[in-house]
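First comes the structure, then the notes that go with it.
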Amino acid sequence: VQLQASGGGLVQAGDSLRLSCTASGRTFSNYAVGWFRQAPGKERELVATISGTDDSTYYADSLKGRFAISRDNAKNTVYLLMNSLKPEDTADYYCAGANVRYAGSSYRDYSYWGQGTQVTVSS
């Protein structure tokens, strides 16, 4: 099972980016997928999750209203749309897949990880 994250880059504050996470080797439509991020010198933190089957979503409180997670099962891909980006959103962003339909906010709940895509937001 492999997860390929893409879509990161250098943007200015206020811009938007859409990250993609494409899975191969397994269909993830029935399993939870999450996006995490890790800034330099900080711990990895949950950004958002989307559950398997009913696509219910969960967001870190500080990101509600700016970020949106979604999936396209036909493409086996999960997206993270990030709006109104701020310099504090600068981090490496990772997608992760779970073996269960609903997963929590801990990175320990996820078994498969992509390689990360870097997002840099300049002020």
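Given a 1.4 Å probe, how much area per residue of the chain is accessible, in Å²?
Values: 6300 Å² over 123 residues.
Per-residue value: 51 Å².
Over the range 52-92, with every protein chain in place, what whole percent of the accessible area is carbon and sulfur at 1.4 Å, could you tell me? It would help to have the intermediate numbers written out before the result.
Working: 1010 of 2100 Å².
Of the solvent-accessible surface of the range 52-92, carbon and sulfur hold 48 percent.
Take the alpha-carbon centre of the range 30-79, take the same for the range 102-123, and report the distance between them in whole Å.
8
If you count, for each residue, the other Cβ atoms within 10 Å and average over each peptide, how do 38-46, 76-84 line up from highest to lowest? Numbers along the way, then the final one.
Details: 38-46: 12.2, 76-84: 19.7.
Descending packing order for the listed peptides: 76-84, 38-46.
The values are calculated or read from the model by the stated rules, or taken from the named source; none is laboratory data. These figures come from a predicted structure and were not determined experimentally. As a convention, Cβ positions derive from the backbone with ideal geometry for all residues, glycine included, and neighbour counts pool all protein chains shown. Remember, those area values only see protein heavy atoms, side chains included, never the ligands or the DNA or RNA. Shrake-Rupley method; radii C 1.70, N 1.55, O 1.52, S 1.80 Å.
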